[in-house]
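Worksheet: one structure, shown below.
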Amino acid sequence: MNNKFKKFGIWTVSVFAGLYLLFLILPVLLSPIANSYSQNIEDAVKSATGFDTKLEGISIVTAPNLSIGAKVKNVQLSVPASETPFFTGENVSLRASLLPLIIRRIQIANISAKSLDVNLVVKKDGNFQILDYLSENKNNQSAQSAALPDGFKLSNHLPNIRVKNYKLGFSDIVDGKSYYIQGEDFKVSDFILDKKVKVSSKGKIVLDKSVISNYDIK
């Protein structure tokens, strides 16, 4: 009896070990397939938002903590007829945890990027230019398509976020002046909604080419 139990235990461990190893090497198998759908994803974003989208180097990523997601080497978003994107990102990745799915809970585990650069144009009426391309109808379509499957809920454990370099800028279309926040090592961790969050970063605030403040947040 003990011998049978021992063999069953070894077989069970071997199966789980094999599945775990397969999970870790999934990126090698699935990344080429995911990257082949770049154009389809670009078209879907264009249809949902009105923004021209460029994606380069889409790949599947996994982690030892049983999370899986996607990574994009380069991503750009721009309004139609504009040669300058309002959003650029390098090595942007997002991973979701698998275990919470057992209890029908979706939990984003990690969001990271090597660099993020956002530049929003402010029109004469004070509104952002990109809002012209986000019509109410398209927003409703996006919300409906993004609805969670029946019985699934979002976890109140929000993802750890890490961005190596970032810049958030605003350009005034009237006087041509620019304002931006630029920094590095932005980190968010232990984020539980309505309970706690840890944030750290350092950088500077620039108004019309003049540095008005440096910051080091922890």
### Query
Is it true that SER97 is out of contact with any helix residue (DSSP H, G or I) (no Cβ under 6 Å at 6 or more places or on another chain), within 30 Å of VAL122 (Cα to Cα), modelled with pLDDT of 90 or more and of a type in the set (Gly, Ala, Ser)?
no
### Message
Among the residues of the stretch 93-109, are any over 13 Å from the mean Cα position of the chain (by Cα) and within 24 Å of TYR133 (Cα to Cα)?
### Response
no
### Query
Would the stretch 49-70 turn up any residue that is among the hydrophobic types (A, V, I, L, M, F, W, C) and part of a helix (DSSP H, G or I)?
no
### Message
Quick check on THR53: is it hydroxyl-bearing (Ser, Thr, Tyr) and at pLDDT below 90?
### Response
no
### Query
Is there any pair linking a residue in the stretch 46-58 that is under 13 Å from SER36 (Cα atoms) to one that is among the hydroxyl-bearing types (Ser, Thr, Tyr) and open to solvent by 80 Å² or more (accessible area, probe 1.4 Å), with Cβ under 8 Å and at least six apart or on different chains, and which?
ILE58/TYR37
### Task
Specify the residue that is nearest to TYR20 (Cα to Cα); the eligible residues are those in the stretch 68-127 that are open to solvent by less than 70 Å² (accessible area, probe 1.4 Å) and among the acidic types (Asp, Glu).
GLU90
### Task
Could you tell me which of the residues LYS153, LYS123, LYS138, LYS167 is modelled with pLDDT of 80 or more, touching a helix residue (DSSP H, G or I) at 6+ places or on another chain (Cβ under 8 Å) and of a type outside the set (A, V, I, L, M)?
LYS123
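The values are calculated or read from the model by the stated rules, or taken from the named source; none is laboratory data. Computed from a predicted model, the values in this text were never measured in an experiment. With ideal geometry, Cβ positions are generated from the backbone for all residues, glycine too; neighbour counts draw on all protein chains shown. Just the protein is used for accessible areas: all its heavy atoms, side chains included, with ligands, DNA and RNA removed. Shrake-Rupley method; radii C 1.70, N 1.55, O 1.52, S 1.80 Å.
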